Amino acid sequence: MTSLLKANNLSKSYALENQTINVLKDISLSIKAAEFVAIMGKSGSGKSTLISILAGLDTTDFGQVFLDDKELTCLTEDELAVIRQTDISFVFQSFHLIPTLTVAENIGFPLKLSGSFSDEKVNSLLQKVELSHRKNSFPHQLSGGEKQRTAIARALITQPKILFADEPTGNLDEKNAQSIMQLLIDLQQEFKTALVVVTHDDSIAQLADRTIRIINGKIA
Ligand SMILES: Nc1ncnc2c1ncn2[C@@H]1O[C@H](COP(=O)(O)OP(=O)(O)O)[C@@H](O)[C@H]1O
Ligand SMILES: [Mg+2]
């Protein structure tokens, strides 16, 4: 199968006082449509930097990222914003819900942005993440697991081609972590979305089609 997302020779460094930290060193990889890839590596090895660049949330110093045939690394901020409303979604460890919006409003927010809001789609996602009974709650009224289920529904409502998740269970206890991972996997299969998950958890990585290990900014 041809690749959905392709990264060529990514390099990124940060200047800190009188030294330079080379965070990513010539990383190339590709991810197929509907593939589930785990990214593992020690804290500080560059995992978050890598997936932020792959998702168009951060810029690279060198190299390119392509989604299908479109080069993301040469798009403007506005063009990237459109891609994030249609093809790419992201789930964060710390949820990033909008505190002033209800669960249903958070989930429907990407559709509002792109002018394609539909109550039916919101209700369908609410059901899939088993939060119909909390649709009118605000984020501060939810448990960690419920917050992450809301974030996952919001990420998938646009039917993205690829979903990135940066330690999505990092703020959850073990029981919630397992059910969130199972939900992510069930929904990525149902939606046929590619899923890229940064994780420290070997049991999660074992569920993936493939694991990419980052050591000191390089693929092991
Ligand atoms: N904005 C930044 N400025 C300076 N250094 C950064 C910045 N973001 C990340 N780093 C450094 O880059 C390295 C990799 O960070 P990160 O990608 O967050 O690693 P990981 O997600 O694997 O823990 C770390 O040494 C971190 O301190
Ligand atoms: Mg990280």
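Each value in this text was obtained by applying a stated rule to the coordinates, not by laboratory testing. What you are looking at is a predicted structure, and each value in this text was computed from that prediction instead of being measured. Using ideal geometry, Cβ is built from the backbone for each residue, glycine included, and neighbour counts are taken over all protein chains shown.
Structure values in brief
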read-out: Between the stretch 108-186 and the stretch 52-83, the alpha-carbon center distance in angstrom; value: 24
read-out: Relative frequency of Cα-Cα separations exceeding 20 Å in the stretch 109-193, percent; value: 32
read-out: Among the listed pairs 70/121; 25/192; 112/161; 12/42; 47/121; 32/135, those beyond 25 Å (Cα-Cα); value: 70/121; 25/192; 47/121; 32/135
read-out: Cβ-defined net charge surrounding residue 8, 15 Å radius [Lys, Arg +1; Asp, Glu -1]; value: 0
read-out: Eligible aspartates and glutamates near residue 128 by straight Cα distance, threshold 19 Å, same-chain separation 8 or greater; value: 105, 119, 120, 146, 186, 190
read-out: Listed residues 189, 206, 64, most fluctuating in the chain (Gaussian network, C-alpha, under 10 Å); value: 206
read-out: Net charge over other residues, Cβ less than 13 angstrom from the Cβ of residue 217 (K, R count +1; D, E count -1); value: +4
read-out: Residue among 4, 195, 88 farthest towards the positive dipole end of the chain, charges placed on Cβ; value: 195
read-out: The stretch 3-219 - percent relative contact order, Cα under 8 Å, separation 6 or more; value: 31
read-out: For the chain, with +1 on Lys and Arg beta carbons and -1 on Asp and Glu, the positive-most of 66, 54, 133 along the dipole; value: 133
read-out: Calculated on alpha-carbon atoms, Rg and Dmax of the stretch 44-146 in Å; value: 16.1, 47
read-out: Helix-only [θ]222 nm of the chain, DSSP H runs n ≥ 4, -39500 (n - 2.57) each, per residue, nearest 500; value: -10000 deg cm²/dmol
read-out: Equivalent ellipsoid dimensions for the chain as semi-axes, Å, which come from the Cα gyration tensor, largest first; value: 29, 19, 17
read-out: Placed amide H near residue 212: partners under 5 Å, 5+ positions off or other chain; value: 38, 39, 40
read-out: Charge dipole (debye, nearest 20) of the stretch 2-59; +1 at Cβ of Lys and Arg, -1 at Cβ of Asp and Glu; value: 140
read-out: Charge dipole of the chain about the Cα centre (unit charges at C-beta), most positive-ward option of 27, 143, 163; value: 143
